[in-house]
């Protein structure tokens, strides 16, 4: 049985809304579940393959970390320059995890608890990578200044270029993490085998 790949879809949406002050922020983190059926580890894993969330053109995922990112930004002309005075994010992260539809026999329930704890921890790492990216975006955004831009047009292109690199870095880190965890002997690979083979 082929392990189902973990995927992290990165959905970004940026809004340019004026606001006068910079404030501390925290990500909003939600967990949602999808139902899986079975009374053994192998049956549960097969159900994950049948019912896991569809992600793009890559088929079904076992677990899924998604986020929505919007920004409150204020650009200020200062002489002939433009400064990004405020850049405050609103980040919503949603973790989608499998959950048995029915009560499991005690030995299977214990194995499932170990399995899902590992899956949840894996997805939380994806969440941490996303939060780290947003913090880096904030760091390069606030105070960004572009000369000879009194109408605050050039600064937007400059900001987009910087943010694109940070986003690409985050996606690569996420892919590298999945590759390590899902490879033979990797943490998630071992959890899947333990769940399937448990007696």
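The numbers here are math on the coordinates, done by the rules we state, and not lab data. If you're wondering where the values come from, they're calculated on a predicted model, not measured in any experiment. When we count neighbours, we look across all protein chains shown, and the Cβ atoms used for this are built from the backbone with ideal geometry, even at glycine.
Only one entry in 188, 155 is closer than 25 Å to residue 47 by Cβ and touching a residue at least 40 places away in the same chain (Cβ under 8 Å), namely 188.
Residues of the stretch 119-130 that are surrounded by 18 or more Cβ atoms within 10 Å (Cβ to Cβ) and more than 12 Å from the chain's Cα centre (by Cα): 119 alone.
Filter the stretch 158-185 for residues that are in contact (Cβ under 8 Å) with a residue 40 or more places away in the chain and within 20 Å of residue 65 (Cβ to Cβ) and give the result.
Listed by number, the residues that qualify are 167, 170, 171, 173, 174, 177, 178, 181, 182.
For the stretch 100-115, indicate whether the set of residues that are in contact with a helix residue (DSSP H, G or I) (Cβ under 8 Å, 6 or more places away or on another chain) and part of a strand (DSSP E or B) is non-empty. Yes, the stretch 100-115 has at least one match.
For the stretch 96-113, a residue qualifies if it is under 17 Å from residue 42 (Cβ atoms) and within 22 Å of the chain's Cα centre (by Cα), and exactly one does: 98. If you go through the stretch 132-151 and pick out every residue that is surrounded by fewer than 18 Cβ atoms within 10 Å (Cβ to Cβ) and touching a strand residue (DSSP E or B) at 6+ places or on another chain (Cβ under 8 Å), you end up with 9.
What about residue 127, is it outside any helix (DSSP H, G or I), touching a residue at least 40 places away in the same chain (Cβ under 8 Å) and under 27 Å from residue 27 (Cβ atoms)? No; evaluated as a whole, the condition is false for this residue.
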